[in-house]
């Protein structure tokens with residue numbers, strides 16, 4: 001229960017920051033995607049299960065705020081969070097650059113998946129030169145912001161040992 | 001063993017969430033009522049928090065724009081001064097043209113935009129996500145605004161209302177990929193369809209081959225028997241025309257009448273399409 005409340009706080013904060021701050025701080029017309037970052041962070045900190053669940057709700061939050069088909073971001077962010085969890089599980093020895101590198105790669109995956117999913121549901125025209133700018137900006141900003149978001153996600157999900165104890 | 005069980009469980013979770021997402025997408029496409037209600041509720045509930053956050057972070061945003069867009073702003077300022085001089089000269093001739101155009105519309109039994117009632121609204125937020133060309137305005141159903149009403153700024157079309165709550169509305173911009181509008185050119189009356197090309201990509205239009213269209217022609221909303229927009233709202237100016245012999249069409253690149261990146265106030269045209 002406490003984890004759910006903490007996650008709701010993180011999702012709400014991310015949504016407020018997305019609308020209030022990051023939609024104003026655009027680089028070449030591109031805004032950061034903090035809710036995608038939350039999904040990626042959940043995958044990194046909590047594994048594929050948490051990545052998928054948090055990613056789903058992060059996407060759903062975004063879907064409620066924008067006019068794209070409801071469920072589209074939820075689908076994409078849930079898959080992205082899951083894949084990040086799998087990739088994180090395969091890491092043998094973590095280095096200093098591992099988290100930013102994984103956040104960068106996962107963001108690229110997330111944006112590309114979103115465009116492909118949009119195409120499947122009939123939203124054409126997203127494949128253009130601007131897409132490269134979107135990918136580079138979103139991935140770079142997410143790579144920079146991953147450390148503080150991971151810290152917040154550890155607070156929300158709790159340390160793995162305490163989570164196992166809570167589940168027992 | 002425990003690992004394989006955990007992987008199996010997370011796969012099950014993933015499949016469940018994917019199926020839920022697909023269900024939601026399907027319901028949204030079918031126009032499932034509760035989804036619209038949920039979106040309107042989210043729009044209303046989030047508006048005060050979002051506005052407060054926007055106000056708090058506005059100085060940061062201004063600092064950001066000042067630091068990274070100063071040269072662009074100076075260039076834009078110079079361009080605008082030059083345009084102002086040109087426009088002052090055009091005002092007189094435009095008044096004559098406007099009167100002629102109004103007479104023509106009257107003869108054709110088409111409504112003239114100047115006669116339609118409009119409601120001014122303030123733009124409170126730009127697009128939130130990167131693939132969502134929308135703006136949020138500070139008036140909603142309490143001011144009589146309804147879904148599908150056209151939105152203009154100055155004399156040009158900006159978009160159409162897609163979501164309404166009591167005191168908020170969301171406007172889909174004409175640059176959105178899903179935006180299509182029937183247009184006709186002035187003065188040759190070539191008829192076609194203009195489509196949004198995404199943020200920073202403006203509009204393109206297609207008219208059938210053989211119709212006379214030249215760069216510099218103005219495209220206006222077309223009207224018709226069951227129009228989605230009232231006839232005669234300027235959409236943009238044709239900047240280039242290329243022929244596509246295979247499809248027997250002409251592809252037009254359109255410069256917008258309105259700078260969509262810089263909208264502060266818009267007018268909602270209190271006009272609804274015929275169902």
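The values are calculated or read from the model by the stated rules, or taken from the named source; none is laboratory data. Keep in mind the model is a prediction, meaning the values are calculated, not measured. Ideal geometry is used to build each Cβ from the backbone, glycine not excepted, and the neighbour counts take in all protein chains shown.
Computed quantities for the displayed model
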| item | result |
| --- | --- |
| Residue within region A:20-27 that is at the interface with chain B (Cβ under 7 Å from one of its Cβ atoms), part of a helix (DSSP H, G or I) and crowded, with 19+ Cβ neighbours inside 10 Å present | yes |
| Some residue of region B:48-61 being within 11 Å of chain A (Cβ to nearest Cβ), over 26 Å from the mean Cα position of the chain (by Cα), modelled with pLDDT of 75 or more and loosely packed, with under 12 Cβ neighbours inside 10 Å | yes |
| Residue A:92 within 21 Å of residue B:21 (Cβ to Cβ) and surrounded by fewer than 24 Cβ atoms within 10 Å (Cβ to Cβ) | no |
| Restricting region A:120-140 to residues that are in contact with a strand residue (DSSP E or B) (Cβ under 8 Å, 6 or more places away or on another chain) and at pLDDT 85 or above, the residue that is surrounded by the most Cβ atoms within 10 Å (Cβ to Cβ) | A:138 |
| Subset of region B:217-239 (residues that are surrounded by fewer than 22 Cβ atoms within 10 Å (Cβ to Cβ) and under 13 Å from the mean Cα position of the chain (by Cα)) | B:234 |
| Positions within region A:51-105 being in contact (Cβ under 8 Å) with a residue 60 or more places away in the chain and more than 11 Å from the chain's Cα centre (by Cα), in sequence order | A:102 |
| Candidates B:154, B:192, B:198, B:144, filtered to the one that is touching a residue at least 12 places away in the same chain (Cβ under 8 Å), within 14 Å of the chain's Cα centre (by Cα) and either at negative phi or more than 14 Å from every other protein chain (Cβ to nearest Cβ) (or both) | B:154 |
| Among (1) more than 8 Å from chain B (Cβ to nearest Cβ); (2) surrounded by fewer than 24 Cβ atoms within 10 Å (Cβ to Cβ), the one test that residue A:42 misses | (2) |
